[in-house]
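K.L.:
Okay, here's the structure, questions in a sec.
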Amino acid sequence: MGSFLALCILLFLPMGCYSQACRSATPNPSVREDSRPGTIVTTLIIDEGHTADSDVRQFGVIGTNLVLAEEVDYEEQTIIVVTLICKKGSQTVLGETIFVQIINVNDNEPIFKETSYSFQILESLPVNSTFGSPIQAEDADGDTLYYELIAEDRDTADYFRLSSITYPLLVVNKTLDYDLHPHVRMNLTARDTELPGDNPSFTATTLIIIDIGDADDKPPFFQPCRVIGKKVCISDGYSTSVIRSEAITQPLQLIPGPLYAIDGDYGINDPIAYSIISGNGDNIFAIGVGNGNITMNKPVDSLGTILLQVMAYQTNDELKYSTTTVQIDVKEKNDFPPRFEKSNYPGTIPLNMATRSFVRDSSDQTRQLHVFAIDEDFPDGFNPAVTYIIENSNDFIILRDGYILTNAVFTSPRTAVFAVTATDSTSSESTSTTVTVEITNSNKGEALDKYYTTTDMAILGATLGVVVAACLAGLAFLIYKQYGNTIRSKLQRGTGSNSGDSAGTTKQLINDAEYGGDMSASNPEFGIDVGITAVSSGDNLLSAAAVSTVLTTSAPTESPALEEADGESDSEDKKVKSILTKDLKEDGGYKSVWFREDAAPEVMVIEGVEHGEANDDYAEEELNNQQEDNDDDEDDEDELDPTFTTPNNDSNNSSIL
């Protein structure tokens, strides 16, 4: 209202002031609020003989000019009324009243009412939701303000936005996550120009703090657990052991720690309850509903493993739950922990030995250094469940059986001292000892320190196996080349002796031509009349393999049966060589088997008559050799004499060999 009144005064009052001796040459003078003192505001018209002056401190008169005497501020005064004091000599004449308009310029920064603003929202607040009141700044110049929101953390830069560039109302721009970013800090800047490059341009900044509350959207998590993604934490389960037939009165000590779960919504932390949902068929175990402690109701009767499945759930919402497993190994009672035989094991090794070389025993360098923990629960003191580890050195390694190897190459003499711990994996009981290794310049025993791995031994075994197989194959080939024919003959002869006709139809033939003479009825060399007839094999009269023919006196020399037999033998397929002869051989004697009709069969040895006493062993050997020759020369069977049979087919008078 004051500005309007001043404007009216400026418009109408000057019309009546033209007769005044001191007046403004400009009807409506103005000055910028940022003008410096001395700036000419307007020119004055002063009548002759008069002088002029200003009645306000902001302006003064220099000569014929109204000038700015001190800085003015539009925000304090928009119009300043100046009355000119006009004098003529000692007489003061009322001068003109001048209304000087102060021109506003952008010379003030925007101002926020607060240095910081805080908000609290839930992570479940939907995207595009607005919250709080607009955070507006004030500008004394009355300029339009433009706002910009900048996050301090780059990861939260896109969580929120402003509703518009000139209206700073906060809006959710992205799904919030209490677990990732429970607190968000941002800076809100107000600028009195649309573009930052405008001059002059003034800005103001305030801090915005947004606390994101946790929403109840996650189940309990067993501790410890492995985080998977953003919303899941998986427990690997718990384990422990109990003694068969013993009930523990205290809660079971679990690995990796007590069984407990926490609300997955850490900011809410609802109460958790526990229950066993499977694996407790005999009701051996119980669990504390509020604390998760597992206790025993009664002993376990059998060895083995019991697997319990345990559930943790929110007491105010049972649909929010998670499960884990508790593995309980039932073992026999362990009365004795493992213990080392010595409190210190001295060893030695030469310089510059390759890694994986055995450390030698200082007391006997032909032996590897061997640490051993005795378990008196075992008769021989050896517990296969005991494992060894080296505690405070990386220069050595220890095998499962207690032998120590180097894990580095030592180039200078020194003494290495480290601890070895033996642990019974079934009872978790352990014991420790120290090992002192002297690294010396001596190379004694260097050749013994070579360590062969299982791969080396496997390669060696495979190579030896191939060599042995090749040797066996060569040996078999040599045996076949040397004795193949003899072996085949033995096998064929054995097969032939087992395949004879039970009816006694197989005949042994006398090869008359081979021995040069015919088998006549009277033979003066034998002193008996002989004939040839067949004897049934069913009588089982011949049991020796050397018997090959039978002589009998039942047939005359010129018996028709012999002639008939001669004729029939030409057509028979089987041709067997006889070892009998009508004439006495000159080799010292031979054996023969013959039969008489009026006597039981006998075996007689006919001794040589020309060269004295026959050598029975020699004759027998000659007979065997002749039989083997007969077997090997089966291709010459066309030289055999025909088979002779008697006119009648009496089975009691037949011979089969």
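The values are calculated or read from the model by the stated rules, or taken from the named source; none is laboratory data. On a predicted model such as this, the values are computed, not experimentally measured, just so you know. For neighbour counting, all protein chains shown are included, and Cβ atoms are generated from backbone atoms with ideal geometry for every residue, glycine included. We work out accessible area using only protein heavy atoms, side chains counted, and drop any ligands, DNA or RNA first. Shrake-Rupley method; radii C 1.70, N 1.55, O 1.52, S 1.80 Å.
K.L.:
In the range 337-363, how many are within 15 Å of Thr421 (Cβ to Cβ) and touching a Leu at 6+ places or on another chain (Cβ under 7 Å)?
P.N.:
1
K.L.:
Looking at Thr315, Thr323, which one is modelled with pLDDT of 95 or more and within 30 Å of Asp265 (Cβ to Cβ)?
P.N.:
Thr323
K.L.:
What residue, among those in the range 347-393 that are of a type in the set (Ser, Thr, Tyr) and surrounded by 18 or more Cβ atoms within 10 Å (Cβ to Cβ), is nearest to Pro337 (Cα to Cα)?
P.N.:
By that ranking, first place goes to Tyr388.
K.L.:
Which one of these does Cys17 not meet: (1) modelled with pLDDT of 85 or more; (2) surrounded by 16 or more Cβ atoms within 10 Å (Cβ to Cβ); (3) out of contact with any Phe, Trp or Tyr (no Cβ under 7 Å at 6 or more places or on another chain)?
P.N.:
(1)
K.L.:
Collect the residues in the range 424-466 that are closer than 25 Å to Phe382 by Cβ, at pLDDT below 85 and either open to solvent by 50 Å² or more (accessible area, probe 1.4 Å) or assigned to a strand (DSSP E or B) (or both), keeping them in residue-number order.
P.N.:
Passing the criteria: Ser425, Thr426, Ser428, Leu448, Tyr451, Tyr452, Thr453, Thr454, Met457.
K.L.:
If I ask for residues that are touching a residue at least 12 places away in the same chain (Cβ under 8 Å) and among the charged types (D, E, K, R), which ones from the range 199-234 would you list?
P.N.:
Passing the criteria: Asp211, Asp214, Asp216, Asp217, Lys218, Lys230, Lys231.
K.L.:
Say whether the condition of being on the phi > 0 side of the Ramachandran plot, in contact with a Ser or Thr (Cβ under 8 Å, 6 or more places away or on another chain) and buried (at least 16 other Cβ atoms within 10 Å of the Cβ) is met by at least one residue in the range 182-189.
P.N.:
no
K.L.:
Restricting to strands (runs of 3 or more DSSP E) lying wholly in the range 239-353: which have 3 or more residues that are under 33 Å from the mean Cα position of the chain (by Cα)?
P.N.:
By residue number, 261-263, 272-278, 304-314, 317-331.
K.L.:
Taking the condition within 30 Å of Lys331 (Cα to Cα) and buried (at least 18 other Cβ atoms within 10 Å of the Cβ), does Ala416 pass?
P.N.:
Here the answer is no, as Ala416 does not meet what is asked.
K.L.:
Report, by residue number, each residue of the range 233-244 that is of a type outside the set (Lys, Arg) and either surrounded by 13 or more Cβ atoms within 10 Å (Cβ to Cβ) or touching a helix residue (DSSP H, G or I) at 6+ places or on another chain (Cβ under 9 Å) (or both).
P.N.:
Matches in the range 233-244: Cys233, Ile234, Ser235, Gly237, Tyr238, Ser239, Thr240, Ser241, Val242, Ile243.
K.L.:
Find all pairs meeting these conditions: Cβ atoms under 7 angstrom apart; at least six residues apart or on different chains; first residue within the range 104-129 and on the phi > 0 side of the Ramachandran plot; second residue hydrophobic (A, V, I, L, M, F, W, C).
P.N.:
Asn128/Val171; Asn128/Val172
K.L.:
If Tyr178 meets every condition in (1) surrounded by fewer than 16 Cβ atoms within 10 Å (Cβ to Cβ); (2) outside any strand (DSSP E or B); (3) in contact with a Gly (Cβ under 7 Å, 6 or more places away or on another chain) apart from one, which number is that one?
P.N.:
Checking Tyr178 against (1) surrounded by fewer than 16 Cβ atoms within 10 Å (Cβ to Cβ); (2) outside any strand (DSSP E or B); (3) in contact with a Gly (Cβ under 7 Å, 6 or more places away or on another chain), the one that fails is (1).
K.L.:
State which residue is farthest from His181 (Cα to Cα) when the search covers only the range 201-232 and only residues that are surrounded by fewer than 19 Cβ atoms within 10 Å (Cβ to Cβ) and of a type in the set (Val, Ile, Thr).
P.N.:
Thr203
K.L.:
Moving to a separate point now. Restricting to the range 196-217, name every residue that is in contact with a strand residue (DSSP E or B) (Cβ under 7 Å, 6 or more places away or on another chain), part of a loop (DSSP other than H, G, I, E, B) and farther than 29 Å from Tyr313 by Cβ.
P.N.:
Ser201 - this is the single residue of the range 196-217 that is in contact with a strand residue (DSSP E or B) (Cβ under 7 Å, 6 or more places away or on another chain), part of a loop (DSSP other than H, G, I, E, B) and farther than 29 Å from Tyr313 by Cβ.
K.L.:
Tally up the residues in the range 115-129 that are farther than 18 Å from Thr206 by Cβ and surrounded by 13 or more Cβ atoms within 10 Å (Cβ to Cβ), please.
P.N.:
5
K.L.:
Considering only residues that are over 30 Å from Thr64 (Cα atoms) and open to solvent by 50 Å² or more (accessible area, probe 1.4 Å), which ones fall in the range 89-114?
P.N.:
Asp107, Glu109, Ile111, Lys113, Glu114, listed by residue number.
K.L.:
Confirm whether Pro220 is in contact with a strand residue (DSSP E or B) (Cβ under 8 Å, 6 or more places away or on another chain), farther than 30 Å from Ile165 by Cβ and modelled with pLDDT of 90 or more.
P.N.:
yes
K.L.:
Something else now. In the range 265-274, what residues are of a type outside the set (Val, Ile, Thr) and either surrounded by fewer than 16 Cβ atoms within 10 Å (Cβ to Cβ) or at pLDDT below 90 (or both)?
P.N.:
Asp265, Tyr266, Gly267, Asn269, Pro271 - these are the residues of the range 265-274 that are of a type outside the set (Val, Ile, Thr) and either surrounded by fewer than 16 Cβ atoms within 10 Å (Cβ to Cβ) or at pLDDT below 90 (or both).
K.L.:
Among the residues of the range 275-289, count how many are on the phi > 0 side of the Ramachandran plot and exposed (fewer than 13 other Cβ atoms within 10 Å of the Cβ).
P.N.:
1
K.L.:
Then there is this: Which number in (1) open to solvent by 50 Å² or more (accessible area, probe 1.4 Å); (2) out of contact with any helix residue (DSSP H, G or I) (no Cβ under 8 Å at 6 or more places or on another chain) marks the one condition that Ile398 misses?
P.N.:
If we test Ile398 against (1) open to solvent by 50 Å² or more (accessible area, probe 1.4 Å); (2) out of contact with any helix residue (DSSP H, G or I) (no Cβ under 8 Å at 6 or more places or on another chain), just (1) comes out false.
K.L.:
While we're on this one: Kindly list, by first and then second residue, each pair from a residue in the range 265-281 that is within 23 Å of Lys298 (Cα to Cα) to a residue that is open to solvent by 40 Å² or more (accessible area, probe 1.4 Å) and not in a strand (DSSP E or B), limited to pairs with Cβ atoms under 8 Å and residues at least 6 apart or on different chains.
P.N.:
Short answer, once both residue conditions are applied: Tyr274/Val289; Tyr274/Gly290; Tyr274/Asn291; Ser275/Val289.
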